[in-house]
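Structure first, then comments.
The values are calculated or read from the model by the stated rules, or taken from the named source; none is laboratory data. In this text, all values refer to a predicted model and were calculated from it rather than measured experimentally. So basically every Cβ, Gly included, is an ideal-geometry build from the backbone, and we count neighbours across all protein chains shown.
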Amino acid sequence: MRVLLVEDEPDLGAAIKRTLTQHKYLVDWVLDGNDAWAYIENKWTQYTLAIFDWMLPGISGLDLCKKLRYHQSPLPVLMLTAKDRMEDKVAGLDAGADDYLVKPFGMAELLARLRALQRRSPQFQSQELTVGNLTLDYGNNIVVSQNTTGTKQEISLTNKEFQLLEYFMKHPNQIVTTEQIRNQLWEVSAEPISNVVAAQMRLLRRKLANSGCENIIETLHGTGYRLNLIIDK
């Protein structure tokens, strides 16, 4: 899952990003509201959660929420703030925030709030994604393949391999470019490595092949890749 973190306190931002990364979130961290809106508008990235500090340089977290809802974005937002008056909480929720967390807070509570947002959001209602003979189990972070006789086999993947397969399964039988993969599965601020996608593809394909799923990801030279699966109508 990809999270947009907008927090201008360096120590707190670094601590939040470190905690989320340890719990297998992909985090883009920015320090001001203007940069945050540029990330949101980037057609290459799709966020599943956002964490906004209320007081930010440029566009405030409150105004970011308002802009999101004005553009009819359903992106779940957790607002962070030192403001603890009831009227402030009401203002944040009325602006479009889905939840409100008062500083200082513990990282365990932050993670719990994010899990609660995921449960309430329609895009997270299902704990599994099944396409063809592959099933992603989000609750246990595992992948299961099923052969023609009905035998199931668990495939052990790293977090990045899991994210890569998930991206393909959300776009089955579609051409996905290397640039689309790089921008969705790596942080925007990460230094680009020319062969990082190809390297991850080799690792994922090898594990799929070892589990009886050979050749389901096709390379389209000069274009990208395609996950070829038979999908039941």
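Would you confirm, using the coordinates I've provided, whether GLN163 is of a type outside the set (Lys, Arg) and over 19 Å from the mean Cα position of the chain (by Cα)? Considered against the rule, which asks whether it is of a type outside the set (Lys, Arg) and over 19 Å from the mean Cα position of the chain (by Cα), GLN163 comes out as no.
The C-beta contact set for segment 1-23 (first residue within 24 Å of PRO74 (Cα to Cα), second residue basic (Lys, Arg) and assigned to a loop (DSSP other than H, G, I, E, B), distance under 9 angstrom, 6+ apart or interchain) comprises MET1/LYS24.
For segment 62-80, check the following and say yes or no: at least one residue is within 13 Å of the chain's Cα centre (by Cα) and part of a helix (DSSP H, G or I). Checking segment 62-80: not a single residue is within 13 Å of the chain's Cα centre (by Cα) and part of a helix (DSSP H, G or I).
Table: residues versus (1) without any contact (Cβ under 8 Å) to a residue 12 or more places away in the chain; (2) within 29 Å of ASP11 (Cβ to Cβ).
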site	(1), (2)
TYR70	yes, no
LEU75	no, yes
THR81	no, yes
MET86	yes, yes
LYS103	no, yes
GLU109	yes, yes
ARG113	no, yes
LEU136	no, no
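Can you work out which of the residues in segment 5-57 that are over 15 Å from the mean Cα position of the chain (by Cα) and of a type in the set (Phe, Trp, Tyr) is surrounded by the fewest Cβ atoms within 10 Å (Cβ to Cβ)? Filtering first and then ranking leaves TRP37. Could you please give the count of residues in segment 7-31 that are in contact with an Asp or Glu (Cβ under 6 Å, 6 or more places away or on another chain) and under 26 Å from GLU179 (Cα atoms)? Qualifying residue count for the region: 2. Scanning segment 81-93 for residues that are of a type in the set (Val, Ile, Thr) and either in a helix (DSSP H, G or I) or loosely packed, with under 13 Cβ neighbours inside 10 Å (or both) returns a single hit, VAL90. Among the residues making up segment 94-111, those that are more than 23 Å from MET1 (Cβ to Cβ) and not in a loop (DSSP other than H, G, I, E, B) are ASP94, ALA95, VAL102. For segment 140-156, a residue qualifies if it is modelled with pLDDT of 85 or more and aliphatic (A, V, I, L, M), and the qualifying residues are VAL143, VAL144, ILE155. When segment 131-161 is filtered for residues that are of a type outside the set (Val, Ile, Thr) and assigned to a strand (DSSP E or B), the ones remaining, listed by number, are LEU134, LEU136, ASP137, SER145, GLN146, LYS152, GLN153, GLU154.
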